[in-house]
Amino acid sequence: MILVPGGRGQLGHDLALLSDDVRAVSSAELDVTAVTADDVRGYAAVVNCAAYTAVDAAETDEDRAFEVNAVGPGLLARACASVGIPLIHVSTDYVFSGDGARPYEPSDDVGPKTAYGRTKLEGERRVLEEGGWVVRTSWVYGAHGSNFVKTMAALEFSRPSLSVVDDQRGTPTWSRDLAAGLLELASVLPSTRLLHATGGGETTWFGFAQAIFTELGADPERVTPCTTADFPRPAPRPAYSVLSGAAWAAAGLRPLPHWRSALSEAFRAGVVAPRA
Ligand SMILES: NC(=O)c1ccc[n+]([C@@H]2O[C@H](COP(=O)([O-])OP(=O)(O)OC[C@H]3O[C@@H](n4cnc5c(N)ncnc54)[C@H](OP(=O)(O)O)[C@@H]3O)[C@@H](O)[C@H]2O)c1
């Protein structure tokens, strides 16, 4: 049985959906900031989906974000090491500066520009130090929880048109595809400990929004491009977030499907609930 802390988030939900061998637990059942060896003993592996994911809020709440994103993974890693089971920990493109111009490899220099990114980077360091696996991903959406796909679906319904930023590049990742990849990783446990797993290809938020409108059966021309400067946020967004899947494939793991076909598949699977 695989223990999944943060099991009620979007990724945790899909892990539970894909396998009967997963025990996905809420933060009330297992708080990663207070985890001990007793909490993980008896499991075959732990896949940590618990995180403080509110990127803007973390700018003024970094201490709490650090507890969940760095202290918690460190405790989990030590607990898993002490009972001899693998820990797979999920991290983010925000550990990079976002100033790159080609897909980031796991070995590329990091340089987070946000509190969220800094706390996630420290979590990675603590997990790797204890011999765990770290999987960075990006632009995750799924049926459970709030995300860009659901936001766009709501705006498509309520607004005649909308502007979406076209100068931030990255790759959408369907949480179900990532969950399948993490389960494969848990069964293979490759010698490479730091990996990237996202959908294939790349786009901008504008391109992603147009594709969502298409999937909704709406006219994608109702989405118009704008720039990051038009929408200032408390936490700066990376301009370039594409993560290379080369190390993932080299480790013998199946590449995740291309982001565009994954979006169609996600809609077929009901990622956005039909309107009543
Ligand atoms: N979403 C993205 O676009 C994205 C992009 C890159 C990387 N990631 C990473 O992917 C992973 C999964 O993200 P997600 O989108 O599934 O996140 P999510 O939907 O926000 O879920 C995170 C979960 O963490 C739980 N949690 C928070 N504090 C906790 C604590 N102290 N102890 C135990 N659980 C706690 C929350 O449970 P409660 O609500 O019950 O407190 C929540 O269910 C995270 O590591 C995230 O950093 C996400």
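Read the figures in this text as sums done on the coordinates, not as results from a lab. Quick caveat, the model's predicted, so the values are computed rather than measured. Ideal geometry is used to build each Cβ from the backbone, glycine not excepted, and the neighbour counts take in all protein chains shown.
Scanning the range 229-276 for residues that are free of Cβ contacts under 8 Å to residues at least 12 places away in the same chain, assigned to a helix (DSSP H, G or I) and farther than 30 Å from THR192 by Cβ turns up ALA229, ARG268.
Taking ASP108, is it in contact with a strand residue (DSSP E or B) (Cβ under 6 Å, 6 or more places away or on another chain), over 18 Å from GLY200 (Cβ atoms) and away from the ligand (no atom under 15 Å from the Cβ)? The answer is no for ASP108. Within the range 118-152, the only residue that satisfies the criterion of being away from the ligand (no atom under 16 Å from the Cβ) and in contact (Cβ under 8 Å) with a residue 60 or more places away in the chain is GLY131.
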